[in-house]
Amino acid sequence: MVNEVVVRIAAERILNKRLNPKTGQVYLLDDITNADYLQAVEGYILEKIEGI
């Protein structure tokens with residue numbers, strides 16, 4: 001089970017090219033190591049892109 005708040009924060013950082021607080025680099029999908037969270041973030045991003 002994933003935390004939707006964490007998913008939203010990660011996706012927004014990726015979409016807005018913000019920094020990953022862990023690495024200091026731009027946040028990328030590759031930074032997400034948990035498969036469940038990766039799938040959830042990808043889904044969130046796709047939903048946002050379809051709305052544009």
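The values are calculated or read from the model by the stated rules, or taken from the named source; none is laboratory data. Note that the coordinates shown come from a computational prediction; the quantities given were computed from them, not determined experimentally. Here Cβ is always computed from backbone atoms with ideal geometry, including for glycine, and neighbour counts include all displayed protein chains.
Observations
- Looking across the stretch 34-52, the residues that are within 15 Å of Val2 (Cβ to Cβ) and outside any loop (DSSP other than H, G, I, E, B) come down to Ala35, Asp36, Tyr37, Leu38, Gln39, Ala40, Val41, Glu42, Gly43, Tyr44, Ile45, Glu47.
- Any pair with Cβ under 9 angstrom, 6 or more apart, that starts in the stretch 1-20 at a residue that is over 14 Å from Ala35 (Cα atoms) and at pLDDT 95 or above and ends at one that is of a type in the set (A, V, I, L, M, F, W, C) and loosely packed, with under 10 Cβ neighbours inside 10 Å: Leu15/Ile49
- On the stretch given as the stretch 34-52, residues that are without any contact (Cβ under 8 Å) to a residue 24 or more places away in the chain and surrounded by 15 or more Cβ atoms within 10 Å (Cβ to Cβ) total 2.
- Whichever residue in the stretch 21-33 is in contact (Cβ under 8 Å) with a residue 12 or more places away in the chain and assigned to a loop (DSSP other than H, G, I, E, B) and, among such residues, is surrounded by the fewest Cβ atoms within 10 Å (Cβ to Cβ): Leu28
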